Amino acid sequence: MDSTEYNKCVDNYADSVYRFILKNIGDQEKARDVVQESFAKMWEKSKEVAFEKAKSYLYSTAYHTMIDMIRKDKRTTRIEEVHMDKQVTYNSYNDLQELLNKAIETLPDIQKVVITLRDYEGYSYEEIGGVTGLTESQVKVYIYRGRVALKNYIGSVERVI
């Protein structure tokens, strides 16, 4: 891949990779860092990555970078988090998107990733498997379990409206 093709990748994929990472992490600064690091890694490997495979390589790199960041964050404990009491409040929601985002946040990381790739980014099961390193059947199972968990979290539409 040459610099012109690399620049096309930045133009074509930066926003969608950012949305994917932001949806999973929920922190804009960390999402920007992951995207920037992913593009830097792709540039370092630009001689080895074919332009046709750049999108898949980029999403895979971003996914693995995000997982590494999540693992690193789990190892470090912030003082503010130690002293915060977890309170559960039930409100009536007028914003369905807000409710869905909160529901997605309750999912395990892998379910959050596969549902985001499938339902928000429109990837096929095979493409999701390529990004995450899972088999197609594992992807389907995680999506199914995630959707069931979302349904249980949200409940009936009548309660939401």
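The values are calculated or read from the model by the stated rules, or taken from the named source; none is laboratory data. This one's a predicted model, so the numbers in the text were calculated from it and none came from an experiment. Here the Cβ positions follow ideal geometry from the backbone for every residue, glycine too, while neighbour counts run over all protein chains shown.
Out of the residues in region 119-141 that are among the aliphatic types (A, V, I, L, M) and under 20 Å from A54 (Cβ atoms), state the one that is modelled with the highest pLDDT.
I128
Determine which member of the set K102, K112 is under 13 Å from N24 (Cα atoms), buried (at least 17 other Cβ atoms within 10 Å of the Cβ) and not assigned by TED's automatic domain parsing to the domain that holds R71.
K112 is the lone residue from the list that is under 13 Å from N24 (Cα atoms), buried (at least 17 other Cβ atoms within 10 Å of the Cβ) and not assigned by TED's automatic domain parsing to the domain that holds R71.
So which residues in region 38-49 are free of Cβ contacts under 8 Å to residues at least 12 places away in the same chain and assigned to a helix (DSSP H, G or I), if there are any at all?
Across region 38-49, the qualifying residues are A40, E44.
Restricted to region 49-78, and to residues that are more than 26 Å from N7 (Cβ to Cβ) and of a type in the set (A, V, I, L, M, F, W, C), which residue is surrounded by the most Cβ atoms within 10 Å (Cβ to Cβ)?
Ranking the qualifying residues of region 49-78, first place goes to I67.
What is the residue count in region 50-93 for residues that are among the aliphatic types (A, V, I, L, M), modelled with pLDDT under 85 and not in a helix (DSSP H, G or I)?
2
Of everything in region 2-11 that's surrounded by 13 or more Cβ atoms within 10 Å (Cβ to Cβ) and farther than 12 Å from F39 by Cβ, which residue is farthest from the chain's Cα centre (by Cα)?
E5
Look at region 115-134 and say how many of its residues are surrounded by 12 or more Cβ atoms within 10 Å (Cβ to Cβ), charged (D, E, K, R) and part of a helix (DSSP H, G or I).
So the count comes out to 3.
Cβ-Cβ under 7 Å, sequence separation 6+ or interchain: first residue in region 56-74 and free of Cβ contacts under 8 Å to residues at least 24 places away in the same chain, partner outside any helix (DSSP H, G or I). Which pairs?
Y57/V49
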